[in-house]
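In what follows, a structure is listed as structure tokens, so that the remarks can point back to it.
The values are calculated or read from the model by the stated rules, or taken from the named source; none is laboratory data. The shown structure was predicted, so the numbers you read here are calculated from the model rather than taken from an experiment. Note that we place each Cβ from the backbone using ideal geometry, even for glycine, and neighbour counts take in every protein chain shown. The protein model used for the area step is the full one, side chains on, heavy atoms only, and it has no ligands, DNA or RNA in it. Shrake-Rupley method; radii C 1.70, N 1.55, O 1.52, S 1.80 Å.
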2 protein chains.
Amino acid sequence: MSTTIDVPESSNVAKGKAIAVAPARPGGWKKGVAIMDFILRLGAIAAALGAAATMGTSDQTLPFFTQFFQFEASYDSFTTFQFFVITMALVAGYLVLSLPFSIVGIIRPHAAGPRLFLIILDTVFLTLATASGAAGAAIVYLAHNGNQDSNWLAICNQFGDFCAQTSSAVVSSFVAVVVLVLLVIMSALALGKR
Amino acid sequence: MSTTIDVPESSNVAKGKAIAVAPARPGGWKKGVAIMDFILRLGAIAAALGAAATMGTSDQTLPFFTQFFQFEASYDSFTTFQFFVITMALVAGYLVLSLPFSIVGIIRPHAAGPRLFLIILDTVFLTLATASGAAGAAIVYLAHNGNQDSNWLAICNQFGDFCAQTSSAVVSSFVAVVVLVLLVIMSALALGKR
């Protein structure tokens, strides 16, 4: 062993990896994954912001009213939709704040630290986004179809625009969820294969 | 560089890690993580199975009826609850099938393959479990509180047992979700730090 001490170990490791994975450019595919990560993150920001904004502006007042009632539906009629707006805004905010770490991942594709940080927080916010998207979908489904056994009538006949807007917000949140799942899987692959 | 070739690189790498992380037993903490993974997986199986079974057996018939109606609520009154039972059973089935891979992780704590396989599928089934848990929670919330603007009345006054049973199923599914998040984070840490 004493004859090998003067060779720095890090260069040894990097050389071994370069031979095993990418002969031409050392770690080139990891840089590709990091760039893809950044691009997907931008897409997820757009989807999450779009979901929050679409849901947050959903509001419909019917053109007829009785002496006591004016018929109005907006996102804050439903606690679930309020939760949806808040969590989607949180997810979008987190994704914006995560962009610098994604850039660090592009500059230093072999650093495990930022990738580990991102995969853990991505998993947490994936759970948050999925929860709000699925809860919103359950309510949207009820608004469209109603439920006989509990005597909940479908409201989409009256509040058509409201239903269309909340439905598209839910679809947009599912896009964000799919992108977050991809981000977690890509980070796991980049962490696992060295 | 040519003087260093006769030293096998793998032992060199393993030595560097043993010094950095665990001086006594090389990779001992990884074995601990793998054992923890197995135990947590057993807990998640219990939670997911419990959630599916509790929801699947929820059924309440009221002791009064009219000429045309008998008032009954069961999980298949609500599409969301049917989805809940199916997905929770799927998640429990996946977790049972994942146990052998977790055991492989205990026997070979440094193998990245099974861990990578598990973290990717864990992420997918985490999303599935979160979606069904959150959708179930949205319906349970409506059943408890109703919604004024859409004129959906709370049904928990009449169907008290049904509500209690579905609520506990949702709580059980959230336990499974938390455990799955922990599993993903632990796998990520074990993959990232070598």
Check your understanding: If we hang a label 7 Å off Cα along the beta carbon direction at B:D76, how far is it from the matching labels on the other copies, in nm, shortest first?
Key -> 4.2
Point to revise | Mean projection area, nm², convex hull over Cα of the stretch A:73-194 | key: 8.6 nm²
Study note, to complete from the structure: Amide H contacts under 5 Å for B:L153, restricted to residues at least 5 apart in sequence or on another chain and with H modeled in the peptide plane, are B:N147
Practice item. With a 1.4 Å probe on protein heavy atoms only, work out how much accessible surface B and A bury together, total over both chains, in Å² to the nearest 100. Key: 3900 Å²
Exercise for review: For the stretch B:93-194, give the percent of accessible area contributed by carbon and sulfur heavy atoms, probe 1.4 Å, rounded to a whole number.
Suggested key: 69 percent
Revision key, fill the gap. Computed ³J(HN,Hα) along the stretch A:92-97: with the Karplus parameters 6.51/-1.76/1.60, θ = phi - 60°, integer Hz and x for glycine or proline, the list is 4, x, 4, 5, 5, 5
Check your understanding: Once phi is turned into θ = phi - 60°, what whole-Hz ³J(HN,Hα) does the Karplus curve with 6.51, -1.76 and 1.60 give for every residue of the stretch A:125-134, x standing for Gly and Pro?
Key -> 6, 4, 4, 4, 5, 5, 4, 6, x, 5
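Please give the average number of partner chain Cβ atoms lying within 10 Å of the Cβ of each residue in B:135-146, rounded to a whole number.
6
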Revision key, fill the gap. Expected integer from the mean partner chain Cβ neighbour count at 10 Å over A:124-130 is 5
Practice item. Output, in nm with one decimal and in ascending order, the distances from the A:S168 label point to the matching label points of the other copies (7 Å from Cα along Cα-to-Cβ). Key: 4.4
Exercise for review: Within 10 Å of each Cβ in peptide B:71-80, how many partner chain Cβ atoms are there on average? Round it to a whole number, please.
Suggested key: 3
Revision key, fill the gap. Taking the label point 7 Å from Cα along the Cα-Cβ vector, the copy-to-copy distances for A:H144, listed from shortest in nm with one decimal, are 2.7
